[in-house]
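Working notes for the structure below.
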Amino acid sequence: MSSLKGRIADQLTQARSRTAVLADAVDDDDLVTQHSPLMSPLVWDLAHVGNQEELWLVRDVGGREPVRIDIDHLYDAFKHPRKDRPALPLLGPAEARTYVASVRDKVLDVLDRVQLEGRPLVADGFAFGMIVQHEQQHDETMLATHQLRAGEPVLDAPPPPPARVPVAGEVIVPGGWFTMGTSTEPWALDNERPAHEVEVPAFAIDAAPVTNGQYEVFIAEGGYDEPRWWSAEGWAHRLSAGLVAPMHWVRDGDGWAYTRFGRTAPVARDEPVVHVCFHEARAYAAWAGRRLPTEAEWEKAARFDPATGRSRRFPWGDEEPDPAHANLGQRHLSPAPVGAYPAGASPLGVHQLIGDVWEWVDADFTGYPGFVAFPYQEYSEVFFGPEYKVLRGGSFGTDQAACRGTFRNWDYPIRRQIFAGFRCARDLRPGEV
Ligand SMILES: [Fe+2]
């Protein structure tokens with residue numbers, strides 16, 4: 001087997017082990033329960049992962065007979081919104097497990113025989129990479145479902161590393177052109193392509209994501225009571241949804257506590273704030289006399305190397321993340337404190353851009369100049385437009401297979417169940433360099 005095929009097989013196995021951890025942590029009744037109207041029952045994600053794998057790898061790449069053509073419609077995310085999924089005649093837990101295992105057997109056989117060249121869908125193993133990323137993204141969604149379920153804790157992980165260096169204040173990123181997006185990353189998705197030059201004026205960006213401690217000051221100083229910090233749409237949502245603090249925060253004497261995966265503890269001041277929506281992020285930034293970074297600013301802060309003028313794959317360089325670089329892959333069940341990953345900082349000294357929390361940026365989700373939908377319009381293009389805001393950098397629940405300096409995520413600006421925080425930026429003052 002080629003090293004590429006070996007790597008694909010390993011990544012498929014890793015994704016499936018993680019899916020199993022998330023599914024096997026709860027009993028069958030819990031698997032079929034809808035824990036929030038925002039989420040599918042876990043058993044839907046499980047079979048949906050197998051169904052996408054069947055459609056792309058067994059049928060399309062492999063040219064094989066369908067395994068279960070009768071269930072395609074149940075697991076088509078475009079046919080049934082999440083809230084309606086529990087009412088569907090879904091596969092039960094045992095059936096779903098048998099189904100995904102039989103699909104995987106066939107896929108490993110297809111992988112063994114296929115030539116990973118020629119046709120764009122299979123060149124460099126793209127379709128396999130897409131399916132690995134898809135499963136890992138659903139694993140993050142399943143982790144978010146775990147965070148929404150009530151009851152005793154069922155997931156365990158060691159705490160994240162402590163702060164190793166003090167990180168505060170902001171970093172000035174010089175103005176000029178840089179390369180945004182990629183045309184060379186083999187498993188990059190259509191929305192990350194193509195590489196293109198963007199001119200970004202000099203700006204200042206926070207050296208670290210906004211922390212719980214900073215966010216508590218915003219709350220204490222009446223940030224949620226003052227419409228002038230909010231956009232009109234954000235304020236209307238703040239009122240109708242009754243927002244007073246990040247999701248999962250509860251009053252604890254004079255301070256705050258949060259419940260995470262079934263365990264309640266005081267809010268850790270030095271950890272990045274998480275479970276805030278775009279509107280909250282934007283309001284905080286306005287209150288702080290700042291703004292959210294544009295998407296190009298975020299990516300320039302994360303990838304631009306002033307010494308070479310090149311854009312890196314990751315803030316620390318081109319090598320794949322290791323545990324010293326970033327808090328990724330559900331190794332821990334929370335963001336790490338600011339300063340925990342000095343080895344992951346960018347050349348300009350911006351920390352924790354990758355991992356910990358997804359970061360809202362001030363951008364609608366759109367295609368880059370020269371965008372071409374691949375391998376199908378429904379991957380990204382149908383979501384382009386002002387309805388969705390972009391998030392960058394991945395969270396503690398994002399696997400490295402689905403995270404890189406160019407990776408783009410998107411969601412509605414009101415969503416808070418995802419592991420999302422933010423950092424602030426600002427224009428330079430006249431004469432400031
Ligand atoms: Fe999906």
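Since every read-out is calculated from the coordinates, none of them should be taken as a lab result. This one's a predicted model, so the numbers in the text were calculated from it and none came from an experiment. Quick reminder, even Gly has a Cβ in these numbers, built from the backbone with ideal geometry, and neighbours come from all protein chains shown.
For Asn327, the residues whose modelled amide H falls within less than 5 Å of its own, excluding neighbours fewer than 5 places apart on the same chain, are Asp356. Here the chain is treated with +1 on each Lys and Arg Cβ and -1 on each Asp and Glu Cβ, and its dipole about the Cα centre works out to around 380 debye. Charge dipole (Cα centre; +1 on Lys/Arg Cβ, -1 on Asp/Glu Cβ; no other charges) of region 151-259 amounts to roughly 60 debye.
Annotation for Ile172 and Tyr412: the two label points, set 7 Å from Cα along the Cα-Cβ direction, are 4.2 nm apart. Using only Cα atoms, tell me the angle between helix 93-113 and the longest principal axis of the chain; keep it within 0 to 90° and round to the nearest 10. Approximately 80 degrees, to the nearest ten. May I ask you to list the lysines whose Cα is less than 30 Å away from that of Lys106, ignoring any residue fewer than eight positions away on the same chain? Cross-link targets: Lys5, Lys79.
Label-to-label distance, Ala241 versus Arg228, with points set 7 angstrom from Cα along the beta-carbon direction: 2.5 nm. The packing ranking, built from the mean of other Cβ atoms within 10 Å per residue, places the peptides 174-185, 342-353 in the order 342-353, 174-185, highest first. Placing unit charges on each Cβ (+1 for Lys and Arg, -1 for Asp and Glu) gives region 254-379 a dipole about its Cα centre, and among Gly329, Phe371, Ala268 the Cα reaching farthest toward its positive end belongs to Ala268. Cβ-to-Cβ counts within 10 Å put Ile414, Ile8 in ascending order as Ile414, Ile8, the fewest first. Rounded to 0.05, the FRET efficiency of the Lys79 and Ala307 pair, given R0 = 51 Å and the Cβ-Cβ distance, is 0.50. Relative to the current alpha-carbon distance between Arg164 and Thr33, full extension at 0.36 nm per residue lengthens the span by 43.0 nm.
Each of Gly431, Gly169, His134 was placed along the dipole of the chain (beta-carbon charges, centred on the mean Cα), and the one lying farthest toward the positive end is Gly431. Per-residue packing, averaged as other Cβ atoms within 10 Å, sorts the ranges 305-313, 231-239, 356-364 into the order 356-364, 231-239, 305-313, beginning with the highest.
Partners of Lys83 within straight-line reach, counting lysines whose Cα lies under 26 Å from its Cα and excluding those fewer than 8 residues away in the same chain: Lys389. Counting every other Cβ atom within 10 Å of each residue's Cβ, Thr145, Thr398 order from fewest to most as Thr145, Thr398. With a Förster radius of 25 Å applied to the C-beta separation of Val217 and Leu148, the computed FRET efficiency comes to 0.35. Relative to the dominant Cα principal axis of the chain, helix 126-148 is inclined by about 60°. Only Cα pairs under 8 Å and 6+ residues apart enter the sum, and on that basis the relative contact order of the chain stands at 18 percent.
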